[in-house]
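So the structure is just underneath, and the comments pick up after that.
Values in this text are rule-based calculations from the coordinates and carry no lab data. This is a predicted model, so every value here is computed, not measured. Note that each Cβ is placed from the backbone with ideal geometry, even for glycine, and that neighbours are counted across all protein chains shown.
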Amino acid sequence: MTCRLYLITPPKIELVTFAQELARALDAGDVATLQLRLKDVRDDEVRRAAEALMPIAQARGVAFLINDRPDLATELGADGVHIGQEDGSYAQARATVGPDRIVGLTCHNSRHLAMEAAEAGADYVAFGAFYPTLTKQPKTVADPEILCWWSALMVVPCVAIGGITAENARPLIEAGADFLAVSAGVWEHPAGPAAAVRAFNTLCA
């Protein structure tokens with residue numbers, strides 16, 4: 001499987017401007033997934049963002065996930081949800097979104113958590129943080145070796161996350177990451193998000 005790009009929105013967005021920026025980024029190359037990750041905002045703000053951004057993603061064949069909120073993912077017709085270890089269980093998320101939507105789990109640097117998630121039926125597991133990141137305070141540091149171990153053993157896809165840029169991503173691709181979850185490495189790229197998507201696509205080719 002070719003490694004693909006998994007975009008995460010910035011923690012704060014100006015919706016009209018970001019919607020335009022997102023469309024340009026998605027038009028620049030292959031992107032598998034967009035996760036809406038807005039922290040410490042009201043539900044209505046998440047709803048407004050999803051209603052503006054989800055059509056942009058889905059029109060381009062990009063899966064649209066909502067972070068931590070299976071209830072809103074279901075209500076809004078998102079393609080799925082991403083759940084952190086402190087934000088509810090896989091079983092609760094699956095019961096809420098149903099059998100046909102994506103449920104992915106953060107597993108930090110834990111082989112045990114990842115195995116449990118895969119056995120429960122998770123659609124992907126996310127390992128990290130592989131590099132320092134300013135987007136959030138990482139709870140763990142992961143080594144690329146965990147991607148090698150996982151890809152050799154399991155068929156459930158793995159996502160690498162944490163401080164990933166086009167400049168440091170190659171070891172993660174070579175280790176077996178199925179997806180690279182990127183936020184600042186795209187949205188804050190010096191040449192702009194579209195250039196960042198093109199750079200990641202070149203790496204993943």
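With θ taken as phi - 60° and the Karplus curve 6.51 cos²θ - 1.76 cosθ + 1.60 applied, the whole-hertz 3J(HN,Hα) list for region 117-126 is 4, 5, 5, 6, x, 4, 7, 7, 10, 10 Hz, x standing for glycine and proline. Here the Karplus relation 6.51 cos²θ - 1.76 cosθ + 1.60, evaluated at θ = phi - 60°, turns the backbone of region 147-161 into coupling constants of 5, 4, 4, 5, 5, 6, 9, 10, 9, 5, x, 10, 10, 9, 9 Hz, with x for every Gly and Pro.
Rounded to the nearest 500, the 222 nm mean residue ellipticity of the chain from helices alone is -12000 deg cm²/dmol, with -39,500 (n - 2.57) taken per DSSP H run of at least 4 residues.
When +1 charges are put on Lys and Arg Cβ atoms and -1 charges on Asp and Glu Cβ atoms, the dipole computed for region 4-204 relative to its Cα centre reaches about 240 debye. Counting Cα-Cα pairs of the chain in 10 Å increments starting at 0 gives whole-percent bin shares of 9, 38, 40, 13, 0. Couplings for region 49-56, taken from phi via the Karplus curve 6.51 cos²θ - 1.76 cosθ + 1.60 with θ = phi - 60°, read 5, 4, 5, 7, 8, 4, x, 5 Hz in order; Gly and Pro are left as x. Protection proxy ranking for 144-154, 115-125, 175-185, using the average of other Cβ atoms within 10 Å per residue and placing the highest first: 175-185, 115-125, 144-154. For the chain, the relative contact order is 23 percent, taking Cα pairs closer than 8 Å that sit 6 or more residues apart in sequence and dividing their mean separation by the residue count.
D by Stokes-Einstein for region 53-111, Kirkwood Rh over Cα pairs, 20 °C, 1.002 mPa s: 183 µm²/s.
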